[in-house]
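Structure, as C-alpha cells:
The values are calculated or read from the model by the stated rules, or taken from the named source; none is laboratory data. What you are looking at is a predicted structure, and each value in this text was computed from that prediction instead of being measured. Positions of Cβ are generated from backbone atoms using ideal geometry, with glycine treated the same way; all protein chains shown enter the neighbour counts.
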C-alpha cells in the first residue's frame, strides 16, 4: 500500500467485517515532538487473546478462504520503516483499537494519500455504520461524525 489512507481503508474494512457499528479514526500531527499518530477504534466483536497475538502475522487471517492476512502486517511494517510503533488491543465483544505512530519527518513515512476519498468510500458503502473522523495538527482540528449528518448526535 502506497499511502496511509489505503492502510486505514483496509483496517476499517476489517472492523466492518467484525460487526462494528461505529468506527473512529483519528490522525494527529505533533510537529513539536515529530510524531504522527493514527488511531482506529471500533466496537466490533473484538478478538480473543490467541487471535490478538497473531493478528499482525502475515501468515494468519480470520477471513474464510484466505491463507494470508497482510493488511495489519504491512501497516506495522510501515510504522517500523518510519521509526514508529504499532499497538493493537482488543476485547471480545467490546471492539478493537489500533494505534500507529510514525516519525513525522522521516523520509520513509508514507504520505497521507486521499483521505477524503477513503472516507467517502467507507461512508457511502456502509450506511449502517457510524463513522467519526478527526484530523488534528497544532490548533487546527478538522473532522466529521456521521451521527451529526444523520441527526443522531
Which one is farthest from residue 3 (Cα to Cα) among residues in the range 93-139 that are in contact with a strand residue (DSSP E or B) (Cβ under 7 Å, 6 or more places away or on another chain) and in a loop (DSSP other than H, G, I, E, B)? 129
Quick check on residue 76: is it at pLDDT below 95, in contact with a strand residue (DSSP E or B) (Cβ under 7 Å, 6 or more places away or on another chain) and not in a loop (DSSP other than H, G, I, E, B)? yes
Just to verify a result, which residue in the range 30-61, among those that are surrounded by fewer than 16 Cβ atoms within 10 Å (Cβ to Cβ) and closer than 30 Å to residue 147 by Cα, is modelled with the lowest pLDDT? 48
The range 79-92 - residue that is more than 19 Å from residue 52 (Cα to Cα) and out of contact with any strand residue (DSSP E or B) (no Cβ under 6 Å at 6 or more places or on another chain) and, of those, surrounded by the fewest Cβ atoms within 10 Å (Cβ to Cβ): 80
Let me confirm something: among 40, 11, 16, which residue is more than 24 Å from residue 109 (Cβ to Cβ) and either outside any loop (DSSP other than H, G, I, E, B) or over 16 Å from the mean Cα position of the chain (by Cα) (or both)? 16
Inspect all residues belonging to the range 14-29 and state whether any of them is surrounded by fewer than 21 Cβ atoms within 10 Å (Cβ to Cβ), without any contact (Cβ under 8 Å) to a residue 12 or more places away in the chain and over 17 Å from residue 79 (Cα atoms). no
Quick one: would you say residue 143 is without any contact (Cβ under 8 Å) to a residue 40 or more places away in the chain, surrounded by fewer than 18 Cβ atoms within 10 Å (Cβ to Cβ) and under 15 Å from residue 40 (Cβ atoms)? yes
